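Worksheet: the structure to be examined is printed underneath.
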Amino acid sequence: MKKLIAGNWKMNGGSRDCAVLIASITETLAATPDLLDKCDFLVAPAFIHIGIVRALAHGGGDLVIVAGQDCSEYEDGAYTGDISASMIADSGCSHVILGHSERRQYHRESDEQISKKAERAKDRGLHIILCVGETLEQRKAGEQEAVVAEQLKLFLGGGFDHSNLTIAYEPVWAIGTGESASVDDIRTMHEFIRKKLEENLAHPEQVRILYGGSVKPDNAAEIFGIENVDGALIGGASLKSDDFIAIAAAV
Ligand code: PGA
């Protein structure tokens, strides 16, 4: 399976910045087909920029997948400020990130809420990138596997279309800190998640497991060399086209 190189742009930049960034990424990819042979590419802009990014992401073919960063747990109605899964699908996105630790932390999202969002996303045929990962306190207490198992639990049952699921392991303490998890930590957790998929799914091999948390051009090769790492979810380094591409080139 190709590696997935996914950029989470979070709440950064204006429409012009996003247009310049996606144009630069697609221009480079169009000129380096071997990168497209090895990797799939995805970017998740803020909702307001999805239209412009979508329009530019497809230059000459489906070069870059465009994703939402979140969706509402409700179908539609009086939920001021929220964006529904159908709106995301309607804007041309095929994927949506759910359960990012910044949503869990700043918006108090629970696993139950995230699984309702996943239901809405599934109803709209969106591919879900489910983020899981422990906090520093949980890791210090040795609880990381229990925490991730709990976060995965609601997603490994019967009703899910697992061909439309990607897991992103993102230890909370490694996000935006410049300090990625160690090779051993990543290997152990990815192996644990892979085992959970194998125990619960008919086709576990369809599910990619990404690593996220301070992935940069200078640590990407080491991270991609770890077994069961099927790509990366990249925050800060995805905001510079050169760094984003350099990470893919490390595959
Ligand atoms: P980071 O963010 O690469 O800036 O650490 C990763 C993420 O939050 O997905």
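The values are calculated or read from the model by the stated rules, or taken from the named source; none is laboratory data. Not measured: the values here are computed from a predicted model. All Cβ positions, glycine included, derive from the backbone under ideal geometry; neighbour counts span all protein chains shown.
A few comments on the model shown:
- Residue satisfying all of: in segment 166-189; without any contact (Cβ under 8 Å) to a residue 60 or more places away in the chain and buried (at least 21 other Cβ atoms within 10 Å of the Cβ); farthest from Lys140 (Cα to Cα) among these: Ile167
- Yes/no for Asn12 being at pLDDT 95 or above, within 15 Å of Ile245 (Cα to Cα) and among the polar types (S, T, N, Q): no
- Subset of segment 197-219 that is within 16 Å of the ligand (Cβ to nearest atom) and within 15 Å of the chain's Cα centre (by Cα) - its residue that is surrounded by the fewest Cβ atoms within 10 Å (Cβ to Cβ): Arg208
- Segment 152-164, residues that are under 15 Å from Ile114 (Cβ atoms) and surrounded by fewer than 21 Cβ atoms within 10 Å (Cβ to Cβ): Leu152, Lys153, Leu154, Leu156, Gly157, Gly159, Phe160
- Beta carbons closer than 6 Å, at least 6 apart along the sequence or on distinct chains, pair a first residue in segment 208-225 that is among the charged types (D, E, K, R) with a second that is crowded, with 17+ Cβ neighbours inside 10 Å for Arg208/Leu4; Arg208/Thr166; Arg208/Asp230; Arg208/Gly231; Lys216/Ala237.
- Leading residue by the ranking (nearest to Gly213 (Cα to Cα)) among those in segment 160-193 that are of a type in the set (Ser, Thr, Tyr), modelled with pLDDT of 95 or more and within 13 Å of the ligand (Cβ to nearest atom): Tyr169
- Residue within segment 220-227 that is of a type in the set (A, V, I, L, M, F, W, C), surrounded by fewer than 20 Cβ atoms within 10 Å (Cβ to Cβ) and touching a helix residue (DSSP H, G or I) at 6+ places or on another chain (Cβ under 8 Å) present: yes
- Which numbered condition Glu205 misses (of (1) touching a residue at least 60 places away in the same chain (Cβ under 8 Å); (2) among the charged types (D, E, K, R); (3) within 21 Å of Gln69 (Cα to Cα)): (3)
- Residues satisfying the stated conditions in segment 231-244, i.e. under 18 Å from Leu35 (Cβ atoms) and surrounded by fewer than 20 Cβ atoms within 10 Å (Cβ to Cβ): Lys240, Ser241, Asp242, Asp243
- Residue satisfying all of: in segment 99-114; touching an Asp or Glu at 6+ places or on another chain (Cβ under 9 Å) and polar (S, T, N, Q); nearest to the ligand (Cβ to nearest atom) among these: Ser101
- Within segment 84-124, the set of residues being under 16 Å from Lys153 (Cα atoms), touching a residue at least 40 places away in the same chain (Cβ under 8 Å) and hydrophobic (A, V, I, L, M, F, W, C) comprises Ile114, Ala118.
- Residue within segment 134-146 that is loosely packed, with under 15 Cβ neighbours inside 10 Å and within 16 Å of the ligand (Cβ to nearest atom) present: yes
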